[in-house]
Amino acid sequence: MKPLKIYVAGKVSPNSSVGSYWREDFCKQLQEKTGKKIINLDPTSRKDMPFDSEMVFGRDSFFIRNSDLVIVNLTDDISVGGSQEMLIAKYFKKPLLGIARKGGKFVNSEYNDHGRIVDFVHPFIFVPCDIIVNDIDEAATWIKNSFEKIKPKGIECIDKSMEYYIKNYLDKDEFAKKHC
């Protein structure tokens, strides 16, 4: 069985709710739950390398390009890097699995949208993610049952969303019609 190369995006800061070196344990648990050999393309594995901003961005992008699957851990304190890694995954047409707990910042059935309570999945994870699950167990089930069948979205998901907006809502959007 070919190992599954996974890039796990999410917090790196030691002040995060999950700490900074959680990826190794996460991938071990995922390996146990899926029964698949997993190679963790860990962006924090550069501890012995000097800090260089372009190198970090390039190395992380290289890891994403060489992964089979990108998983983004959507903690309520996710960083700008995690959101960028999501779009880099789409640039390389990599399957993107988002893990977002129910009732959190990104998935919430009681979200207040300008005074309206709506069943909410954050638009900036809804569009690029190929699948959104609540926890590692649901992630493992999806990997076992559906990963090999997926045709991942690419960066064109941005254009498709704009086309959807233009077709369905632009004529009702007075602000956009006036200023765009």
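Based on DSSP, what percent of beta bridges with both residues in the chain are antiparallel, to the nearest 5? Present the calculation step by step, with values, prior to reporting the outcome.
Details: 5 of 20 bridges.
In the chain, DSSP labels about 25 percent of beta bridges as antiparallel.
Under a cut-off of 21 Å between alpha-carbon atoms, report the lysines in cross-link reach of LYS172, not counting same-chain residues fewer than 8 places apart.
Cα-Cα hits under 21 Å: LYS160.
Assuming a viscosity of 1.306 mPa s and a temperature of 10 °C, what translational diffusion coefficient in µm² per second does Stokes-Einstein assign to region 73-135, Rh being the Kirkwood radius over Cα pairs? Please list the in-between numbers first.
On the way: Rh = 12.2 Å.
For the chosen part, D equals 130 µm²/s.
For labels at ILE155 and MET55 in the simple 7 Å Cα→Cβ model, what's the distance in nm?
Here the answer is 2.6 nm between the modelled labels.
Given the pairs LYS37/LYS105; LYS36/LYS94; LYS28/LYS153, which span a C-alpha to C-alpha distance of over 23 angstrom in this model?
Numbers: LYS37/LYS105 32 Å; LYS36/LYS94 18 Å; LYS28/LYS153 27 Å.
Pairs exceeding 23 Å: LYS37/LYS105; LYS28/LYS153.
On a full-extension model of 0.36 nm per residue, what is the gain between ARG116 and ASN168, subtracting their alpha-carbon distance, rounded to one decimal in nm?
Value of the extension gain: 16.7 nm.
Taking N as the number of residues in region 99-177, what is its Cα Rg relative to 2.2 N^0.38 Å?
Compared with the compact-globule rule of thumb, region 99-177 sits at 1.35.
Over the Cα atoms of the chain, compute the convex hull volume and normalise it per residue, giving Å³.
150
Report, ordered by chain and residue number, the aspartates and glutamates lying within cross-link reach of LYS5, taken as a straight Cα distance under 20 Å and ignoring same-chain residues fewer than 8 apart.
Candidates past the 8-residue exclusion: GLU24, ASP25, GLU32, ASP42, ASP60, ASP68, GLU85, ASP130, ASP135, ASP137, GLU138, GLU148.
Once you list every other residue whose beta carbon is under 15 Å from the beta carbon of ASP173, what net charge do they have if Lys and Arg are +1 and Asp and Glu are -1?
For residues surrounding ASP173, the net value is +1.
I need the calculated FRET efficiency for the pair ASP25 and ASP137, taking r as the beta carbon distance and R₀ as 22 Å, to the nearest 0.05.
Given R0 = 22 Å and the Cβ-Cβ separation, E is 0.90.
All other residues with a Cβ under 13 Å from the Cβ of PRO3 taken together, and with Lys, Arg as +1 and Asp, Glu as -1, what is their net charge? Mind showing how you got there, number by number?
Working: positive: LYS2, LYS5, LYS36, LYS37; negative: ASP68.
Net local charge, PRO3 excluded: +3.
At a 1.4 Å probe radius, which order do PHE124, PHE106 fall into by accessible area, largest first? Please list the in-between numbers first.
Working: PHE124 160, PHE106 20 Å².
Listed by decreasing accessible area, they come as PHE124, PHE106.
The values are calculated or read from the model by the stated rules, or taken from the named source; none is laboratory data. None of the values given here were measured: they were computed from a predicted structure. Cβ: placed from backbone, ideal geometry, glycine included. Neighbour counts: every protein chain shown. In case anyone asks, the SASA skips ligands and DNA or RNA and just uses the protein heavy atoms, side chains included. Shrake-Rupley method; radii C 1.70, N 1.55, O 1.52, S 1.80 Å.
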